[in-house]
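What follows is a set of notes on a single structure, which appears directly below.
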Amino acid sequence: MKKILWLLFVCLVISSNGRAQFGKMSTADSLHWDSIRRLTDQDYKKMLDLLHIDSTRPGPSGNPQAPNAANTDESKASDYKTLPDPLILKNGTQVTSKKMWWDQRRPEIVEDFDREIYGRVPDNIPKVTWEVVSITNDTSNHVAAITKKLIGHVDNSSWPSISVNIDLTLSTPANAKGPVPVIMEFSFVFPPGFKFPPPPPGTPIQPGWQQQLLEKGWGYAIIIPASYQTDNGAGLTQGVIGLCNKGASRKPDDWGTLRAWAWGASRAIDYFETDKSVDAKQIGIEGLSRYGKATVVTMAYEPRLAIAFVGSSGAGGTKILRRVFGEQVENLASSGEYHWFAGNFIKYAGPLKPTDMPVDAHELIALCAPRPVFISSGSPKVEGQWVDAKGMFLGGVYAGPVYKLLGKKDLGQTEFPPIETPLTDGEIAFRQHSGGHTTGPNWPTFLSWADRYIKTK
Ligand code: GCU
């Protein structure tokens, strides 16, 4: 029981707005949140008007006790009959060669995701100039490391009232003989000095993920997505999205926050390519929850990434969106979450339905092929059912044919495995750990699987 309470605490401090919260909100904070809510509602309403939508269907509740609780009954989950086939062209032709995948089918899928789901990245994004703010000898992760704090300054000369900076940290082992592989995490923001409370006695202690990486001779990086694109609808006229639109609201197919976050990760890779301590051909990406969604989106669109560790990404990540289980499209398309997506995505919560979407999550994973993707989830008992572990697993299953066409191994089975059973024989991997809403307990499994692909020189 104590363990569950502790894990609950860990989940709760990461509040639904993605920032750590402590104690009661002050009046000033609540006023601030009131105005964010108001501006978000205005932006949302503007988008509905552009789409000629009066209202959308409400999503189910994430509270299992609520009368309108999200479905958690597997027998009611699959009312869809078919999924879009990643290996059939829009003209009905079967994709039979790697060339057909790369030249014909993949671009079709990219276009659908761009237009309908995550939005298009503009071609006028200003340049980023990286500044190394500090370099320190760092033993905070129990391994001697060199840690660099960096800021990516986005050129705002086209619209000086919006300034955008990317907050990045890079840490590599001090004794490295040459460039090292680096895993970059999309990170939530915690206030200075914040420490998670110690776990209750009996919880297996494992070193932190940074320490695990440094001990292997790899480096880690931490990017703060909220530093360059705020996590709410009010922020869409700010940050890098607002800068590109010169402070105006989005068009229905403009990029949403997930793609903006992914753009920042790509700019970090630009920096890594110039830093001699990093082996830029061996960079991986990891993130949890909304940042798990950002992780798989980044992997799909950024070919320089070698590997991905996608944590509890749920709906909008690797979970099949057509599945009626846990979080639904209607939730994602509501005013609290629509900013992650293109405006066009809202249409699938009314008048259209999720089954009208031209693509589904398995095709997002397929866009990552042939590169290795690890799909991670916690235990339904501790994490809850909102993320839909089986839905995320099925995303991996149905991406399998594309990996196979490209000469790689799929998940190896279509049957949902018992908890703590790693499926790690192929380039798509899956494991449900027995903890809560975290990637923590899956790091060792991820890293031993990653050893097959990433090598220290
Ligand atoms: C909410 C949201 C999820 C999201 C999660 C998070 O639960 O509905 O889609 O992944 O927040 O990022 O914390």
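In straight-distance terms, cross-link reach from Lys246 covers every one of the lysines whose alpha-carbon lies under 25 Å from its own, apart from those fewer than eight places away in the same chain; here that gives Lys45, Lys46, Lys127. Karplus-based coupling profile of region 409-425, in residue order and whole Hz: 9, 8, 5, x, 7, 9, 8, 5, x, x, 4, 6, 9, x, 10, 10, 7, with θ = phi - 60° in 6.51 cos²θ - 1.76 cosθ + 1.60 and x standing for Gly or Pro. For the set His142, His362, the ranking by accessible area, highest first and with no ligand, DNA or RNA atoms included, is His142, His362 under a 1.4 Å probe.
Per residue, the accessible area of the chain comes to 43 Å² when a 1.4 Å probe rolls over the protein heavy atoms.
Size of the dipole of the chain about the Cα centre, Lys and Arg at +1 and Asp and Glu at -1 on the beta carbon, nothing else charged, in debye to 20?
On the way: 49 positive and 46 negative charges, 107 e Å.
It comes to approximately 520 debye.
Give me the count of lysine pairs in region 315-397 whose alpha carbons sit under 21 angstrom apart, restricted to pairs 8 or more positions apart or on different chains. Present the calculation step by step, with values, prior to reporting the outcome.
Numbers: Lys319/Lys347; Lys319/Lys353; Lys319/Lys381; Lys319/Lys390; Lys381/Lys390.
For region 315-397, qualifying lysine pairs total 5.
Peptides 154-166, 304-316, 370-382 ranked from most to least packed, by the mean per-residue count of other Cβ atoms within 10 Å: 304-316, 370-382, 154-166. Each of Ser266, Gly217, Thr295 was scored by the projection of its Cα onto the charge dipole of region 190-326, and the greatest displacement toward the positive side belongs to Thr295; charges sit on the C-beta of Lys, Arg, Asp and Glu. Near the amide H of Val189, within less than 5 Å, lie the amide hydrogens of Ala20, all on another chain or at least 5 residues away, with H placed in the peptide plane. Here the 3J(HN,Hα) profile of region 325-331, calculated from phi with Karplus coefficients 6.51, -1.76 and 1.60 at θ = phi - 60°, is 7, x, 5, 10, 3, 4, 5 Hz, Gly and Pro shown as x.
The H on the amide N of Asp254, modeled in the peptide plane, is under 5 Å from the matching H of Arg120, Gly343, each at least 5 residues off or on a different chain.
Treating cross-link reach as a plain straight distance, find the lysines whose alpha-carbon is under 25 Å from the alpha-carbon of Lys216, omitting any fewer than eight places away in the same chain. Hits, sequence-local ones excluded: Lys148, Lys149, Lys177, Lys195, Lys276, Lys281, Lys455, Lys457. When region 396-457 is described by a simple charge dipole with +1 on each Lys and Arg Cβ and -1 on each Asp and Glu Cβ, the residue from Leu406, Gly436, Phe416 located farthest towards its positive end is Leu406. Rounded, prolate or oblate: which fits the chain, taking a ≥ b ≥ c as square roots of the Cα gyration tensor eigenvalues, rounded meaning a/c under 1.5, else prolate when a/b beats b/c? Here the chain falls in the rounded category.
Distance between the C-alpha centers of region 359-379 and region 31-47? Whole Å please. First find each Cα centre; the distance between them is then 33 Å. Taking label points 7 Å from Cα along the Cα-to-Cβ direction, Ser266 and Asp103 give a separation of 2.4 nm.
The values are calculated or read from the model by the stated rules, or taken from the named source; none is laboratory data. The model shown is predicted, which means the values in this text are computed figures rather than measured ones. Note that each Cβ is placed from the backbone with ideal geometry, even for glycine, and that neighbours are counted across all protein chains shown. Ligands, DNA and RNA are stripped out before the accessible areas are found, and what is left, the full protein with its side chains, is counted by its heavy atoms. Shrake-Rupley method; radii C 1.70, N 1.55, O 1.52, S 1.80 Å.
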